[in-house]
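One structure is given below, encoded as structure tokens.
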Amino acid sequence: DRQTLVAVLQFLRRSNLRESEEILRREARLLGDDLGAAALSPAGAGLLGAPGGDADAAGGEALLSRVTTAAATAIGGSAATVASSSPGVAAVTAVPPGKVGGGVAVEDQPDVSAVLSAYNQQGDPTLYEEYYSGLKHFIECSLDCHRAELSQLFYPLFVHMYLELVYNQHESEAKSFFERFHGDQECYYQDDLRVLSSLTKKEHMKGNETMLDFRTSKFVLRISRDSYQLLKRHLQEKQNNQIWNIVQEHLYIDIFDGMPRSKQQIDAMVGSLAGEAKREANKAKVFFGLLKEPEFDVPLDDEDEEGENEEGKPKKKKPKKDSGGSKSKKQDPNAPPQNRIPLPELKDSDKLDKVMNMKEAARRVRLGPECLPSICFYTFLNAYQGLTAVDITDDSSMIVGGFADSTVRVWSVTPKKLRSVKTAADLSLIDKESDDVLERIMDEKTASELKILYGHSGPVYGTSFSPDRNYLLSCSEDGTVRLWSLQTFTCLVGYKGHNYPVWDTQFSPYGYYFVSGGHDRVARLWATDHYQPLRIFAGHLADVTCTRFHPNSNYIATGSADRTVRLWDVLNGNCVRIFTGHKGPIHSLAFSPNGRFLATGATDGRVLLWDIGHGLMVGELKGHTDTVYALRFSRDGEILASGSMDNTVRLWDAVKAFEDLETDDFTTATGHINLPENSQDLLLGTYMTKSTPVIHLHFTRRNLLLAAGAYSSQ
């Protein structure tokens with residue numbers, strides 16, 4: 001390739017390595033004046049600067065051999081660590097292919113390949129369309145089994161070639177390239193292409209974060225070895241270096257041995273901003289089991305209520321025990337060690353609450369295909385303030401709404417009114433030893449069904465009650481997360497860490513810890529008594545739109561506008577799972593009660609089911625026609641409820657969805673998943689509202705389903 005040769009010669013001349021230049025020129029039979037004639041455009045020449053001083057001839061010789069090797073190995077891959085030499089380049093440098101990489105140290109390569117790769121961006125702009133259509137023709141004519149896999153290349157190559165043209169200021173070529181090929185891309189990339197089409201000048205690229213990410217993070221493709229060899233052979237025969245360079249530089253090809261995947265298998269998994277997850281990303285061990293419940297006896301009948309003495313310890317053991325207390329004696333083999341992360345101690349009030357919970361559980365309705373839950377819908381009427389978030393307490397006694405007018409409103413949904421604690425002066429008069437001291441500290445004059453909390457200076461996008469119902473979190477467009485007391489209905493703390501809108505926040509199932517995620521693309525883990533975050537989870541390429549704690553509180557799931565879901569380890573902040581497959585930003589997450597599975601919902605209207613232990617997609621529930629904003633498993637995990645902007649609540653058979661999973665080693669190794677063609681047999685029911693998008697779902701302790709949303713009049 002003459003241009004490459006000229007580039008190397010110019011580089012040698014600039015580095016004052018005259019002797020090497022002469023040798024190379026003799027080898028390639030180029031005369032001095034040819035060099036000028038074949039000189040590159042000034043931009044190209046400018047890119048060729050490289051460290052080099054008055055090296056002597058010996059240095060020149062060394063450099064020449066280094067250029068030789070680099071040139072030969074630049075063709076072989078960084079991506080899939082393949083080494084091969086293209087005849088085209090080997091001929092230029094007159095080194096027999098057999099001797100490539102003779103005795104050259106590997107660490108010597110970067111300086112020269114940096115020069116060459118910087119130069120590579122200067123491909124002939126007029127040929128880009130030809131290169132791309134050549135590849136397209138080749139892929140479309142390849143065998144069916146390879147075609148589906150190789151078609152994954154279209155989108156990342158299209159974007160990189162377009163960006164390269166724009167970056168090198170070939171605006172008209174870029175425009176015609178875009179016009180000609182953007183229609184061939186998969187429909188789920190439409191939004192990205194819209195952003196791309198607005199980037200027509202180099203200056204535009206500077207400020208555009210999405211595209212910067214695209215250039216800096218490698219796009220991951222999972223391809224079988226056979227398909228990859230086919231592609232490599234084609235590109236080397238055609239000497240289509242422009243495309244090969246992009247493959248090497250910007251794509252990460254995760255090669256697996258075995259059968260190529262079908263179109264349907266690939267379509268299920270692709271669609272995120274950075275391609276699929278590398279298989280390595282989902283190999284770490286995850287302790288998805290549940291922590292052992294603390295043991296205490298449960299009084300069975302109402303007259304045993306006073307079975308606890310002052311310390312909150314049970315009195316003498318009762319001969320008959322409730323099954324609820326003894327169910328979780330054995331430690332779950334997949335559970336994390338009990339003290340893996342420090343969790344708050346149980347207070348007496350928490351123990352009482354657990355006792356209540358177990359009593360309710362004894363009266364819980366067993367759900368299933370034959371026995372669907374009743375659904376009680378809370379419609380926010382006349383919510384002109386714009387309802388943006390809802391949460392319901394675990395015992396279903398209070399409901400909170402976050403609004404676009406920056407208020408947080410708390411309602412009592414039981415006959416019991418909301419009351420504040422009395423003022424300090426009044427509290428000092430109370431007899432602290434009396435039995436009903438907790439009742440006496442409440443001020444009856446403040447009793448009302450609704451309390452409004454003022455403090456945020458922007459729409460409130462997320463709300464979360466603490467498990468003990470003493471606190472409430474809210475996060476807002478103003479970049480803060482606020483902690484409110486439900487005793488005094490005042491703001492206790494404003495946590496400032498995000499500089500941009502915070503889209504979601506959630507308390508840990510054990511209280512004390514909470515997580516927030518926002519426009520700055522990171523999720524943060526906080527503790528209520530620290531004003532700085534304890535962990536920062538960074539890795540998403542776009543906004544973190546929703547956050548959820550795993551039931552054992554050791555992991556946090558985050559969903560993002562980059563169309564991926566990540567699972568983070570709270571202990572060390574590492575990302576232990578990356579799930580790709582959604583075709584739009586993710587807006588809802590739900591863990592199954594046993595901790596083994598995760599359900600995710602997005603703007604594409606699909607609900608995807610994931611096996612956390614194996615790191616695999618195990619189901620796809622299709623039916624919603626708009627964004628899925630709410631997901632919740634029933635208390636025993638038999639039913640998954642999903643709520644959407646299409647004004648429906650749908651119930652799915654979770655037992656059946658998870659029952660006969662083929663998670664053998666092969667599936668896990670290759671990520672080949674066979675999703676059932678039809679998810680309709682998992683759909684147990686669809687319930688329409690008149691005109692109310694569903695933005696929150698909650699199963700009561702007895703498995704009644706509560707749903708919430710704001711009536712929209714259009």
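The values are calculated or read from the model by the stated rules, or taken from the named source; none is laboratory data. Because the structure is a prediction, the values reported are computed rather than measured. Glycine gets a Cβ as well: all are built from the backbone with ideal geometry, and neighbour counts include every protein chain shown. For accessibility, only protein heavy atoms count, side chains too; no ligands or nucleic acids. Shrake-Rupley method; radii C 1.70, N 1.55, O 1.52, S 1.80 Å.
Miscellaneous remarks
- Close contacts from the range 274-299, counting a first residue that is in a loop (DSSP other than H, G, I, E, B) and at pLDDT 85 or above and a second that is of a type in the set (Phe, Trp, Tyr) and open to solvent by less than 20 Å² (accessible area, probe 1.4 Å), with Cβ to Cβ under 7 Å and a gap of 6+ residues or different chains, come to 286/555.
- Out of 604, 562, sole residue that is under 29 Å from residue 637 (Cα atoms), part of a loop (DSSP other than H, G, I, E, B) and open to solvent by 30 Å² or more (accessible area, probe 1.4 Å): 604
- Complete set of residues in the range 425-447 that are more than 15 Å from residue 488 (Cβ to Cβ) and either assigned to a loop (DSSP other than H, G, I, E, B) or outside the structural domain of residue 488 (by the TED database) (or both): 428, 429, 430, 431, 432, 433, 434, 435, 436
- Verdict on residue 525 being assigned to a strand (DSSP E or B), of a type outside the set (Val, Ile, Thr), open to solvent by 70 Å² or more (accessible area, probe 1.4 Å) and more than 20 Å from residue 395 (Cβ to Cβ): no
- All positions within the range 457-505 that are of a type in the set (A, V, I, L, M) and either farther than 19 Å from residue 404 by Cα or not in a strand (DSSP E or B) (or both): 486, 492, 493
- Evaluating residue 232 against the criteria (1) surrounded by fewer than 18 Cβ atoms within 10 Å (Cβ to Cβ); (2) out of contact with any helix residue (DSSP H, G or I) (no Cβ under 6 Å at 6 or more places or on another chain); (3) under 30 Å from residue 168 (Cβ atoms) leaves one unmet condition, (1).
- Test result for residue 381, open to solvent by 50 Å² or more (accessible area, probe 1.4 Å), over 31 Å from the mean Cα position of the chain (by Cα) and either of a type in the set (Val, Ile, Thr) or not assigned by the TED database to the domain that holds residue 631 (or both): no
- When 179, 186, 203 are checked against the criterion of being open to solvent by 10 Å² or more (accessible area, probe 1.4 Å) and under 23 Å from residue 561 (Cβ atoms), 186 stands alone in meeting it.
- Qualifying residue in the range 140-160 (condition: modelled with pLDDT of 85 or more, in contact with a His (Cβ under 8 Å, 6 or more places away or on another chain) and open to solvent by 10 Å² or more (accessible area, probe 1.4 Å)): no
- Against the conditions (1) closer than 22 Å to residue 244 by Cα; (2) at pLDDT below 85, residue 204 satisfies every one except (1).
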